[in-house]
Amino acid sequence: MRDAFVRQLTEIARKDAKVMLITGDLGFGVLMKFAEELPGQFLNAGVSEQNMTLLATGLALGGRTVFTYSIANFPILRPLEMIRNDACYHNANVKVVGIGGGFSYGALGISHHATEDLAILRSLPDITVVAPCDLWETEEATRALVAQPGTAYLRLDKSHATTSEGSKRDFALGKARVLEEGDALTIVSCGGIVQEVLDATAHLRSEGHRCRVLSMHTVKPLDKEAVLRAAQETGGIVTVEEHTLDGGLGSAVAETLLDAGVAPRAFKRIGLRSCFSSVVGSQEYLRKVYGMDSQSILLAAREMLSLSTVSS
Amino acid sequence: MTDTRPLALRIRRHVVEMTHLGNSSHVGAGLSMADIVAVLYGRAMRVDPQRPDWPARDRFILSKGHAGACVYAALAETGFFPVGKLKTHYQDGSDLSGHVSHKGIPGVELSTGSLGHGLGVGAGLAYGAKLDGADWRTYVVISDGECDEGSNWEAILFAGHHQLANLTVVVDYNKIQSLAPVDETLRLEPFAEKWRAFGWEVRECDGHDHGALADTLSTPPEDKPLVVIAHTTKGKGVSFMENTVLWHYRSPQGDEYQAAQRELGVES
């Protein structure tokens, strides 16, 4: 995802001299090409995420579209107040890019586990929060965020899903992407963990259950219509996120349903239960440990399908 | 040369009246920097109240946002919006918030209120202008207490490294912060040496002497950012407010309000 983002941004920046990339001294071997080709549009702010975000706001207020870049929580949590007061409140064209969503840097420890970012950032006013699931969405989202004025957060992941060619059309921020159609259940997810969802639904399909899979790449603003339709048209909703359950995608989906007075036939959130992920390991390993791998999703879906069969 | 002292006096009267009407804090902080703001708006900066969005304007950022009343007063007195609007400061439904806000206020570039934000944004503006070869400057007023914030030193390091010669910072160095004198809280001295070590041109002056302020602000260096350490008196202009921690918070009411306005030459 990271490489797809940099490739796309380089292409955009070649044509638009007002697009700029600032890194907080990270991106070895990744950003060099951009820096060499477009030196006037690249800046290493040093290890200073607060100042990086402030600089980005100043540059944006002066007419530029500025991407800030760092890994995991660094571009978000340290300068959160700068994102809120300076970027968002001024509707500045600052696009915060976090490389390493969820357990992408699983072996590096909790400092590098970005597992509260969606909840924290979606609570801010005047921000768009995006977590693409595959390379296509990453490229589309990068283009769309440049085209859309204002502040945004782009959560990129080490892993990415492999999705069907047929589903790669009509990307729009705030509009869920249907990866698979079905009515047994709807699984709503975002980020690279969507691959775990697709692995689970392949099994379910072989068992005769066709599930709808939504890539909710834009966590804020949420596609309410798609969520309500999922409740009304399918046997239940499962949300899957590589993120805490406190305030993330699952919470957003639940809030949307309750606010609209629409009850799904069944509902389950899969994600990190309020705890520090102090166990370390690969992204794949940690998904298993914390019950958000394809097997866990499969078991949850099977249980929900059996409940839904009993109740109907 | 324009005499900006009458402007400073009018700003002081407004600051006292606004904090009185709003029953609000920070009168001392506003009085401390009234002369700095008067010289900037009345003389040093290239601004046009008829064109607050003029692309070639100099940018002004108040990083010590709690002294917002002082900037609102300067903007109103120099024609950015009607002086009568100042009376809405701090009132229910007003857009003149206690800490300076840009929404609906012509002339305010940046909303602040949490310390340690203005200098970094100012450095971003200056860096962008330098890339564009634009000739406008960025001015940022910060407080002394605010220099406790690490984010400021990130920005100071950045501006020095990138030799942002189009950036001027004025420190309102009144030596009193929120709870106690700066020296008793976190010592800044040797203050000028710190800035110099970060690659800045440092000039010091009496922050209430308009001629000295104008001189130190003029002819900035060509290869480094400029900081003016303006030695000021917190609460300047109202004898009983001067050099006290109390008047960082206390709102002028009753006899104290009358006395303050009398000292500023307002007939009751």
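Read-outs: derived from the displayed coordinates by stated rules, not from any lab. Just so we're clear, the structure is a prediction, and the values are computed from it rather than from any experiment. No Cβ is skipped: glycine too gets one built from the backbone with ideal geometry, and neighbour counts run over all protein chains shown.
Using a cutoff of 8 angstrom between alpha carbon atoms and counting only pairs six or more residues apart, the relative contact order for chain B works out to 23 percent. Modelled label positions at A:Ser123 and A:Asp25, each set 7 Å beyond Cα in the direction of Cβ, lie 3.0 nm from each other. If one computes the Cα centroid of segment A:223-267 and of segment B:118-197, what distance in Å separates the two points? If we compute the Cα centre of each part, the gap is 47 Å.
Farthest towards the positive end of the charge dipole of segment B:5-263, among the residues B:Val16, B:Leu186, B:Pro221, is the Cα of B:Val16, using unit charges on the Cβ of Lys, Arg, Asp and Glu. Of the trypsin sites (Lys or Arg not before Pro) in segment A:141-182, the ones in a loop by DSSP (not H, G, I, E or B) with at most 11 other beta carbons within 10 Å are A:Arg169. The orientation-averaged projection of the convex hull spanning the C-alpha atoms of segment B:32-177 amounts to 8.4 square nanometres.
Within straight-line reach of B:Lys175, meaning a Cα separation under 12 Å, sit the following aspartates and glutamates at least 8 residues removed in sequence or on another chain: B:Asp144, B:Glu146, B:Asp183, B:Glu184, B:Glu189, B:Glu242. With a Förster radius of 35 Å applied to the C-beta separation of B:Asp48 and B:Arg196, the computed FRET efficiency comes to 0.50. To the nearest 0.05, how large is the calculated FRET efficiency for A:Ala107 and A:His203 if R₀ is 25 Å and r is the Cβ-Cβ distance? For R0 = 25 Å, the calculated efficiency reads 0.35.
Place a +1 charge on the Cβ of each Lys and Arg in segment A:179-312 and a -1 charge on the Cβ of each Asp and Glu, then give the dipole magnitude about the Cα centre in debye, rounded to the nearest 20.
Numbers: 13 positive and 17 negative charges, 42 e Å.
Around 200 debye, computed over segment A:179-312.
Overall, the protein assembly as shown carries a charge dipole of about 760 debye about its Cα centre when +1 sits on the Cβ of Lys and Arg and -1 on the Cβ of Asp and Glu, all other atoms neutral.
Have a look at A:His209, A:Gly250, B:Trp54 and report the one farthest towards the positive end of the charge dipole of the protein assembly as shown, computed about the Cα centre with Cβ charges (Lys/Arg +1, Asp/Glu -1). Among A:His209, A:Gly250, B:Trp54, the one farthest towards the positive end of the dipole of the protein assembly as shown is A:His209. Can you compute the label reach from A:Phe267? Point 7 Å from Cα along the Cβ direction, backbone N cut-off under 20 Å, restricted to segment A:163-199. Answer for segment A:163-199: A:176, A:183-190.
In a reduced charge model with +1 at each Lys and Arg Cβ and -1 at each Asp and Glu Cβ, segment A:234-288 shows a dipole moment near 260 debye about its Cα centre.
Rank A:Thr138, A:Ser70, A:Leu55 by how far each Cα sits towards the positive end of the charge dipole of segment A:2-156 (+1 on Lys, Arg Cβ; -1 on Asp, Glu Cβ) and give me just the farthest. Towards the positive end, the residue furthest out is A:Leu55. Using the Cα gyration tensor of segment B:97-224, with a ≥ b ≥ c the square roots of its eigenvalues, what is the shape: rounded (a/c below 1.5), prolate (a/b larger than b/c) or oblate (neither)? The shape class here is rounded.
Determine the shape class of segment A:2-156: with a ≥ b ≥ c the square roots of the Cα gyration tensor eigenvalues, call it rounded for a/c under 1.5, and otherwise prolate if a/b is greater than b/c, oblate otherwise. It is rounded, given that a/c, with a ≥ b ≥ c, falls under 1.5. Taking every residue in B:155-163 and counting other chain Cβ atoms within 10 Å of its Cβ, the average works out to 3. Looking at this model, which pairs from A:Lys95/B:Lys130; B:Lys103/B:Lys224; A:Lys15/B:Lys130; B:Lys103/B:Lys234; A:Lys33/A:Lys168; A:Lys268/A:Lys288 are more than 26 angstrom apart at the alpha-carbon? Long pairs (Cα-Cα over 26 Å): B:Lys103/B:Lys224; B:Lys103/B:Lys234; A:Lys33/A:Lys168. The convex hull built on the alpha-carbon positions of the protein assembly as shown has an orientation-averaged projected area of 28.7 nm². Picking from A:Ala252, A:Ala147, A:Ala301, which is most flexible by a Gaussian network model of chain A using Cα springs under 10 Å? Of A:Ala252, A:Ala147, A:Ala301, the Gaussian network model singles out A:Ala147 as fluctuating most. Shown here for segment B:214-268: GluC sites (Glu not before Pro) in loop regions (DSSP other than H, G, I, E, B) with at most 10 other Cβ atoms within 10 Å, namely B:Glu222, B:Glu267. Taken over the C-alpha atoms, chain A has Rg and Dmax values of 19.1, 64 angstrom.
Figure legend: label point modelled 7 angstrom from the Cα of A:Leu299 along Cα→Cβ; residues of segment A:246-282 with amide N under 19 Å from it are A:267-275, A:279. Can you bin segment A:165-311 into rounded, prolate or oblate? Criterion: square roots of the alpha carbon gyration tensor eigenvalues sorted a ≥ b ≥ c, rounded for a/c under 1.5, prolate for a/b above b/c, oblate for the rest. Rounded, since a/c falls under 1.5. Restricting segment B:19-76 to trypsin sites (Lys or Arg not before Pro) that sit in a DSSP loop and have at most 15 other Cβ atoms within 10 Å of their own Cβ leaves B:Arg46. Scattering from segment B:151-239 was approximated by placing one identical point on each alpha carbon and applying the Debye formula without solvent; log10 I(q)/I(0) at 0.23, 0.24 1/Å stands at -1.18, -1.23. Computed log10 I(q)/I(0) for chain B at 0.07, 0.11, 0.17 Å⁻¹: -0.22, -0.55, -1.38, from the Debye equation with unit scatterers placed on every C-alpha and solvent omitted.
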